[in-house]
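Heads up: the structure comes next, in structure tokens.
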Amino acid sequence: MTSDSLIDLRSDTVTRPTPAMLEAMLQARVGDDVYEEDPTVRALEQEAADRFGLEAGLFCPSGTMTNQIAIKAHTEPLSEVICEQTSHIYLWEVGGIAFHSGASVALLPGNRGRLTAAQVEAAIRPVNVHYPTTSLISLENTHNRGGGSCYELAEIAAIAEIAQRHQIPLHLDGARVFNALVATGQDAREYGRLFDTISVCLSKGLGAPVGSVLLGSRAFIQKTKRIRKVMGGGMRQAGYLAAAGLYALHHHVERLADDHRRARQVGQTLAAQRYVAEVLPVETNLVIFRLQETMPAEQFLAHLEGHGIKASSFGPQMIRFVLHLDVDDAMLERLNAALAAL
Ligand code: TLP
């Protein structure tokens, strides 16, 4: 089996640039972005900001960096970030909130990762010398650990109202925000009105090889430039990478609906297998499911490997499949056949 025929469902981060994206990268006009002289980076930052109705953007190598820079800029030591207990910023960013920001976390249990306004309001700290001050509320949409679940806009609006009333900034880890927008039909500009800052990943469902953009007010983004620099994220002729991000924004947003359709189909196939105990509702491009106790996860993953399919274990008996740009309908058929053959 050639590596081309491998079906890699471990993440939507694994996609390779398409020939057209590579061509756009080759044609990019570049300059030194630390001197703010790279026209393609500036175009990407501005276009991403405009889409959400926010003022400015900051191009960074990764979503971890955009989230951690936002947290650092919003908080201070002895303060606290309200977030969901399985959120990426807490679970998968190496404890960066403590490391970079010296801040604490108020971890709330979500419904497949989603918090309610009532939960958020109850977690805001009263003024008391014993407590950290609540300095940030952070949501994740779509929610990774929640299986690609999407927030209702009304719930985000209710949380934003509470945040504004308490004068606490609201951040969105929007690594897969375009999946949420495409799946729900929500308007990106509404997000810009409700969130103070948004981190958008270009290297997940959108298919760029590298990069995330942090969006916010002009003053906020100005402040974050020094934080990006101290983290070592000041890049030079980054326009070659930004060109891929621009190409992705122009050509790879609407097609996310194809990934969602394929994910729903895989979810249905899985639900019909006797060795599957539970499939989380499939809302976007992630499919998370639990195997029966009689089917060890290693055995299941080894069976898939034998069919040229890679997937990740996502906790005891839990598996995640991610649909993306490099999985087409023919591969989907191969996947369905491999699942049925076990
Ligand atoms: N998620 C990766 C892994 O880190 C788990 C994946 O394969 O899903 N926010 C969210 C919601 C994410 O899912 C991720 C990446 C990030 C932030 C971080 O992005 P990168 O990998 O660019 O640092």
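Out of region 295-315, which residues are more than 13 Å from the ligand (Cβ to nearest atom) and farther than 15 Å from VAL276 by Cβ?
Hits for region 295-315 are GLU298, ALA302, GLU305, GLY306, HIS307, GLY308, ILE309.
Among the residues of region 261-271, is any surrounded by 17 or more Cβ atoms within 10 Å (Cβ to Cβ), under 18 Å from the mean Cα position of the chain (by Cα) and within 16 Å of the ligand (Cβ to nearest atom)?
Scanning region 261-271 turns up at least one residue that is surrounded by 17 or more Cβ atoms within 10 Å (Cβ to Cβ), under 18 Å from the mean Cα position of the chain (by Cα) and within 16 Å of the ligand (Cβ to nearest atom).
Does region 320-335 include one or more residues that are surrounded by 19 or more Cβ atoms within 10 Å (Cβ to Cβ), more than 15 Å from the ligand (Cβ to nearest atom), more than 22 Å from the chain's Cα centre (by Cα) and not β-branched (Val, Ile, Thr)?
yes
Quick one: what pairs do we get from region 284-303, first residue of a type in the set (D, E, K, R), second part of a helix (DSSP H, G or I) and crowded, with 16+ Cβ neighbours inside 10 Å, C-beta under 6 Å, 6+ apart or different chains?
Short answer, once both residue conditions are applied: none.
From the list ILE97, ILE69, ILE89, pick out the single residue that is buried (at least 20 other Cβ atoms within 10 Å of the Cβ), closer than 22 Å to THR142 by Cα and touching a Lys or Arg at 6+ places or on another chain (Cβ under 6 Å).
ILE69
Which helices (runs of 4 or more DSSP H) sit wholly inside region 102-187 and have at least 2 residues that are touching a strand residue (DSSP E or B) at 6+ places or on another chain (Cβ under 9 Å) and away from the ligand (no atom under 16 Å from the Cβ)?
On the way: elements: 117-123, 153-165, 177-184.
Those helices (runs of 4 or more DSSP H) span 117-123, 153-165.
Condition check: within 16 Å of the ligand (Cβ to nearest atom) and modelled with pLDDT of 95 or more. Does THR40 satisfy that?
Judged against the criteria, THR40 is not a match.
Among the helices (runs of 4 or more DSSP H) confined wholly to region 19-85, which include 3 or more residues that are within 18 Å of the chain's Cα centre (by Cα) and under 27 Å from ARG112 (Cα atoms)?
63-74
Name the residue that is surrounded by the fewest Cβ atoms within 10 Å (Cβ to Cβ), counting only residues in region 54-65 that are within 12 Å of the ligand (Cβ to nearest atom) and over 16 Å from GLU140 (Cα atoms).
Looking at residues that are within 12 Å of the ligand (Cβ to nearest atom) and over 16 Å from GLU140 (Cα atoms), I get PRO61.
Taking only pairs six or more apart or across chains, which ones have beta-carbon atoms under 7 Å, a first residue in region 125-143 that is in the same structural domain as ILE162 (by TED's automatic domain parsing), and a second residue that is within 16 Å of the ligand (Cβ to nearest atom) and of a type in the set (Lys, Arg)?
Matching pairs, first to second residue: THR142/ARG176; HIS143/ARG112; HIS143/ARG114.
Yes/no matrix, rows are residues, columns are (1) touching a residue at least 24 places away in the same chain (Cβ under 8 Å); (2) within 14 Å of the ligand (Cβ to nearest atom); (3) closer than 21 Å to GLY31 by Cα:
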residue: LEU194; (1), (2), (3): yes, no, no
residue: VAL210; (1), (2), (3): yes, yes, yes
residue: VAL253; (1), (2), (3): yes, no, no
residue: ARG274; (1), (2), (3): no, no, no
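If you check THR13 against the conditions, is it of a type in the set (S, T, N, Q), within 22 Å of SER312 (Cβ to Cβ) and either part of a loop (DSSP other than H, G, I, E, B) or assigned by TED's automatic domain parsing to the domain that holds ASN144 (or both)?
When the stated conditions are applied, THR13 does not pass them.
Give the residue that is farthest from the ligand (Cβ to nearest atom), with candidates limited to residues of region 212-236 that are assigned to a helix (DSSP H, G or I) and of a type in the set (A, V, I, L, M).
The extreme case among them is ALA219.
Would you check which residues across region 66-85 are near the ligand (Cβ under 10 Å from one of its atoms) and in contact with a strand residue (DSSP E or B) (Cβ under 9 Å, 6 or more places away or on another chain) and list them?
Matches in region 66-85: THR66, ASN67.
The values are calculated or read from the model by the stated rules, or taken from the named source; none is laboratory data. What you are looking at is a predicted structure, and each value in this text was computed from that prediction instead of being measured. Virtual Cβ from ideal backbone geometry, glycine too; neighbours counted across all protein chains shown.
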